[in-house]
Amino acid sequence: ALVRGTPGGGGTANGRVRVIREPSEFGRLAEGEVLVCPNTNPAWTPLFQRAAAVVVDSGGIGSHAAIVAREYGLPAIMGTVTGTAVLTDGRLVTVDGDTGVVRDAS
C-alpha cells in the first residue's frame, strides 16, 4: 500500500493522481483523476463531479469529503495523514474505498 486511511466511500477506482491543496488549483483536476487533498469544505464539492475517487489527509467517515463522496458514489479514503506528501501528480493508482488502501495500479 502507498497510503492507508479510513474507508469513507465504498468501491474501487483506478486513475491518475491530482494533488489539489487549495481552491486556486481546482482547475487542475481533470475528469477521471483521483482527487488527493488535505481536507475539503463545501467549496470543494464541484470537484467530486470530475473525480474518479477521493483521498484526503484528514477527516473520518462523517467528514465533508466522505459524505459528498458517498453522495456521488465515489471510492474515498479519509485520514491518510500523508496522502498529499506520498502521492504525486500523474501516478496511476487504485483507490480501494472498502479497505482504505491506495495501491500502485501500474
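Computed from the coordinates by the stated procedures, all read-outs in this text should not be read as laboratory data. Since this is a predicted model, take the numbers as computed values, not measurements. Counting neighbours? That spans all protein chains shown, and the Cβs are built from the backbone with ideal geometry, glycine included.
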**Study point:** Distance (nanometres) between label positions extended 7 Å along Cα→Cβ at Arg16 and Ile61
**Key:** 3.4
Study note, to complete from the structure: Computed ³J(HN,Hα) along the stretch 93-98: with the Karplus parameters 6.51/-1.76/1.60, θ = phi - 60°, integer Hz and x for glycine or proline, the list is 10, 10, 9, 9, x, 7
Study note, to complete from the structure: Answer check: the stretch 9-70, Cα atoms, Kirkwood Rh, Rg/Rh ratio of 0.91
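Would you mind counting up the charge near Gly11? Only other residues with Cβ under 14 Å from its Cβ, with Lys and Arg at +1 and Asp and Glu at -1.
Details: positive: Arg70; negative: Glu71, Asp96, Asp98.
Charge balance near Gly11 sits at -2.
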Check your understanding: With each label point set 7 Å from Cα along the Cα-Cβ vector, what nm distance links Ala85 and Arg70?
Key -> 2.9
**Study point:** Principal axis box of the chain, alpha-carbon based, largest edge first, Å
**Key:** 30, 27, 22
Revision key, fill the gap. Phi-derived 3J(HN,Hα) across the stretch 58-63 with the Karplus relation (6.51, -1.76, 1.60, θ = phi - 60°), rounded Hz, x for Gly and Pro, is 10, x, x, 5, x, 6
Check your understanding: Say each of Glu31 and Asp104 gets a label point 7 Å from the Cα, pointing the same way as Cα to Cβ; how far apart are those two points in nm?
Key -> 3.0
Exercise for review: Mind putting a number on the dipole of the chain about its Cα centre? Charges go on the C-beta only, +1 for Lys and Arg and -1 for Asp and Glu, and I need it in Debye to the nearest 20.
Suggested key: 80
